[in-house]
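Here is the structure we will look at, set down as structure tokens.
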Amino acid sequence: MADSSNQGPILVFLGPTLRLAEAEAVLDAIYLQPAAQGDILLAAHAFHPRAMVLIDGQFEDRPSVRHKEILWAMGQGIVMIGAASMGALRAAELDAFGMVGVGLIYRWYRRWRLAPDDAVAVHSGPAELGFPPLTDSLVDIQRTLSSLMRRGFIEAEERRLLTTIALEMNFRERSFNAVLRAGGWSDDDARRLRNEIERQKKRDALLALERAPALARQRPKARGPVDWVATNTFIRDLEAGGIDSNLVNTYKLNP
């Protein structure tokens, strides 16, 4: 059962990065599916949360969650926290406006503003099965290859070759095993090294969940302008998705 204090619950948008049972063991929260356009607005009206943790987001079947929508939520006093996947991307892009980023992947995106968005993308199974990951993210593969080289499993040249192969793969086919096979490794060696894979996205997600209650109490301050204006484009996007644009102006923190 989620926290039902008068401050409101913490909401978490979660998908393939972390299994729900693992997340629930760390944070008592309301868990929702990966966020797409309009979901933050709808979730705010439905639950009146004190904070939202954005980990996973949608980006193929539905438009991805808009920056403007996150800014709207912060304008209503909701603490927005991002980590691991889509959350790390949005936090790196909006940290100057008060969104809180957590973890190594967030720091990487904040430092390298032109880093590829698909570095955190994975192909996953359906919602009915809990969004199981069917591929591996580029960031996890790169972290794994770095670790394997440091520990003497592979040479520096092998790391460079495998990294290039992973970079050239579409995220829908990118997996650690597929990268190794494309690099000439046997299936037996691929299965053996599979046990060594680094799950940086999972680590960052767990860290964000652990820190969420404390972050929700801190109410971070923006380093830039925070005035929020509903642009015509934003309103049209909401209405095109079948969402009542009046929700933008009718939110009440304590209904």
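Values in this text are rule-based calculations from the coordinates and carry no lab data. For clarity, every value in this text was computed on a predicted model and none was experimentally measured. Cβ placement follows ideal geometry from the backbone for every residue including glycine, while neighbour counts extend to all protein chains displayed.
Just a few scattered comments:
- Potential lengthening of the chain between residue 240 and residue 42 amounts to 69.8 nm, from the contour at 0.36 nm per residue minus the alpha-carbon distance.
- The stretch 25-138 shape via C-alpha gyration tensor axes, a/c threshold 1.5: oblate
- The tail of the calculated P(r) for the stretch 137-196, taken as Cα-Cα distances beyond 14 Å, holds 49 percent of the pairs.
- Quarter of the Cα convex hull surface for the stretch 96-178, i.e. its orientation-mean projected area (nm²): 7.2
- Student exercise, the stretch 137-196 dipole from Lys, Arg, Asp, Glu Cβ charges, in Debye to nearest 20: 200
- Most mobile listed residue (87, 242, 130) in the chain, GNM with C-alpha springs under 10 Å: 242
- What the Cβ-Cβ distance of residue 76 and residue 147 gives, at R0 = 30 Å and to the nearest 0.05, is a FRET efficiency of 0.15.
- Counting 0.36 nm for each residue step from residue 127 to residue 33 and taking away their Cα separation leaves a gain of 33.1 nm.
- FRET efficiency for residue 189 and residue 61, using Cβ-Cβ distance with R0 set to 25 Å, rounded to 0.05: 0.10
- In the stretch 137-196, Cα pairs under 8 Å separated by at least six residues give a relative contact order of 33 percent.
- Remark on residue 82: its backbone amide H falls under 5 Å from those of 54, 100, 101, 102, a criterion applied only to residues 5 or more positions apart or on other chains, H modelled at 1.01 Å from N.
- About the centre of its Cα atoms, the chain shows a dipole size close to 880 debye [charges on the beta carbon of Lys, Arg (+1) and Asp, Glu (-1) only; nearest 20 debye].
- Taking the charge dipole of the chain about its Cα centre, with +1 at Lys and Arg Cβ atoms and -1 at Asp and Glu Cβ atoms, the residue from 70, 233, 132 reaching farthest to the positive side is 70.
- Per-pair calculated FRET efficiency, R0 = 22 Å: residue 26 and residue 134 via Cβ, rounded to 0.05: 0.35
- Inter-site label distance for residue 182 and residue 230 at 7 Å from Cα along Cβ, in nm: 4.5
- Dimensions of the chain based on its C-alpha atoms, expressed as ranges along the principal axes with the largest first, amount to 60, 38, 37 Å.
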